[in-house]
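Note sheet for the following structure.
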Amino acid sequence: MVRLYTNDLSIGYGERLIVKDLSVKIPDKKITTIIGSNGCGKSTLLKAITRIITHQSGTVVLDGKNISKENTKLLAKKMAILPQTPESASGLTVGELVSYGRFPYQTGFGRLSKKDYEIIDWALEVTGTSEFKFRPVDALSGGQRQRVWIAMALSQETDIIFLDEPTTYLDMAHQLEVLELLQKLNVEQERTIVMVLHDLNQAARFADYIIALKNGEVVKAGSGEEVINREVLREVFHIDAEIGRDPRTNKPMCITYNLLKGEQKNEKTNDAIYSTASASN
């Protein structure tokens, strides 16, 4: 089943297109991961799908409706996003920041209900941030702040959650905790998870569906078996990868790789121009 998809979507900054005529489908109640080199359009795509930025042409469709015409509060009850670089939370406590996720459900004077507080406490608990509830966000470490932002996204209580590099600033143990949490939300609550990851092995381990982008176009989309292979990684990342099996999950695993310097040199100019245009990606 597909509730969310794009049709001939073009997105750009100024006059330069970063994503051109892109059509992708996001499987419902699955974990989808978007991979690709820096500047390929991953973050730009997430921002356009969630209406953070506008697109030049094409459509993003959710539940049969063009999201550009949807009411903002109604849309916020269906999808939440954790950006790559969240806005400053200066002056806010952790509890106050997480409470912002309840905004779509507030009416009247915007007072929080008993249910709102219960969901806020749940989001803090599952992200391991309950002990920070009354601390200033600014007083936390980078990893702690990242988990708090994830808690805010969870408190929005949406069916679809977008996360742009959610493991940024986290050590290996906390990266695994976050990804296992997202997997648990997917399995137990049937949340649709869409995230950008740089770690190919994490993508292969946790994703049901992987979209590999290059220069704003889909090179390959499918299961880990279909995407994490030598041919696709050669095309997307200009690497010669050795692919094996994760002994614990039996998922494909990038064991080691070498740069394909000759191919990189041939595309150096185009990639440099493209990366400059999408520096905000």
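The values are calculated or read from the model by the stated rules, or taken from the named source; none is laboratory data. What you see is a predicted model, and the numbers here were worked out from it, not measured in a lab. Positions of Cβ are backbone-derived with ideal geometry, glycine not excepted, and every protein chain shown enters the neighbour counts. Ligands, DNA and RNA are stripped out before the accessible areas are found, and what is left, the full protein with its side chains, is counted by its heavy atoms. Shrake-Rupley method; radii C 1.70, N 1.55, O 1.52, S 1.80 Å.
State the answer as a single residue: which of 124, 93, 9 lies farthest towards the positive end of the charge dipole of the stretch 1-138, with beta carbon charges of +1 for Lys and Arg and -1 for Asp and Glu, about the Cα centre.
9
Pop out the carbon and sulfur fraction of the accessible area of the chain as a percent, whole number, probe 1.4 Å. Don't skip to the end; give the middle numbers.
Details: 6920 of 14240 Å².
Carbon-and-sulfur percentage of accessible area, whole number: 49.
Taking only the alpha carbons of the stretch 47-96, what extent do you get along each of the three principal axes, in Å, biggest first?
Extents along the principal axes: 39, 21, 13 Å.
Ranked from highest to lowest mean number of other Cβ atoms within 10 Å per residue, what is the order of the peptides 116-123, 149-156?
Numbers: 116-123: 17.8, 149-156: 24.5.
Descending mean neighbour count gives 149-156, 116-123.
Evaluate the Debye formula for the chain with equal point scatterers sitting on the alpha carbons, no solvent, and hand back log10 of I(q)/I(0) at q = 0.16 Å⁻¹, in q order, two decimals.
Cα-only, vacuum Debye calculation for the chain: -1.33.
For the stretch 72-157, what is the convex hull volume of its Cα atoms per residue in Å³? Numbers along the way, then the final one.
Values: hull volume 8.4 nm³, N = 86.
That works out to 98 Å³ per residue.
Rounded to whole Å and sorted largest first, list the principal axis extents of the Cα atoms in the stretch 129-194.
Taking max minus min along each principal axis of the Cα atoms, the stretch 129-194 gives 34, 25, 19 Å.
Quick one: net charge of residue 7's neighbours, Cβ under 11 Å, K/R +1, D/E -1? It would help to have the intermediate numbers written out before the result.
Numbers: positive: 25; negative: 8, 21.
Here the count lands on -1.
In whole percent, what relative contact order does the chain give with Cα contacts below 8 Å and a gap of six or more residues? Provide the component values of the computation, followed by the final result.
Working: 547 pairs, mean separation 66.7, N = 281.
After rounding, I find 24 percent.
For all pairs of alpha-carbon atoms in the stretch 89-235, what percent lies in each bin of width 5 Å, listed from the first bin to the last filled one?
Reading upward from the zero bin: 2, 9, 18, 19, 17, 13, 9, 6, 5, 1, 0, 0.
On each of the three principal axes of the Cα atoms of the stretch 188-264, give max minus min coordinate, whole Å, ordered largest first.
That works out to 47, 32, 17 Å along the principal axes.
Starting from the Cα coordinates of the stretch 1-95, work out the convex hull volume and express it per residue in Å³.
Numbers: hull volume 13.6 nm³, N = 95.
It is 144 Å³ per residue.
Keeping all protein chains in place, calculate the accessible area per residue for the stretch 206-266 (probe 1.4 angstrom), answer in Å².
Numbers: 3520 Å² over 61 residues.
With the other protein chains kept in place, the stretch 206-266 gives 58 Å² per residue.
Sorting check: for 171-177, 77-83, which peptide has the highest mean count of neighbouring beta carbons within 10 Å, and how do the rest follow?
77-83, 171-177
Starting from the Cα coordinates of the stretch 25-177, work out the convex hull volume and express it per residue in Å³. Please list the in-between numbers first.
On the way: hull volume 21.5 nm³, N = 153.
Roughly 141 Å³ of hull volume per residue.
Which value, in Å² and to the nearest 10, is the accessible area of residue 185 when all protein chains are kept and the probe is 1.4 Å?
10
For the stretch 220-261, which trypsin sites (Lys or Arg not before Pro) are both in a DSSP coil and crowded by at most 11 other Cβ atoms within 10 Å?
Working: sites: 220, 230, 234, 245, 248, 261; in loops: 248.
Answer in residue order: 248.
Sequence gap at least 6, Cα distance under 8 Å: using those rules, report the relative contact order of the stretch 1-140 to the nearest whole percent. Intermediate results must be reported in sequence, preceding the final value.
Values: 163 pairs, mean separation 29.5, N = 140.
Once normalised by length, the contact order is 21 percent.
Check which residues have an amide H placed less than 5 Å from residue 81's amide H, if you skip close sequence neighbours.
162
Which of rounded, prolate, oblate describes the stretch 13-68, given a ≥ b ≥ c as roots of the alpha-carbon gyration tensor eigenvalues and a/c under 1.5 marking rounded, otherwise prolate only if a/b is larger than b/c? Write out the running numbers ahead of the final one.
Details: a/c = 2.10, a/b = 1.17, b/c = 1.79.
Because a/c hits 1.5 or more and a/b fails to exceed b/c, the stretch 13-68 counts as oblate.
What's the magnitude of the charge dipole for the stretch 41-148 around its Cα centre, counting Lys and Arg as +1 and Asp and Glu as -1 at the beta-carbon? Answer in Debye, nearest 20.
Numbers: 16 positive and 10 negative charges, 74 e Å.
Rounded to the nearest 20 debye, it is 360 debye.
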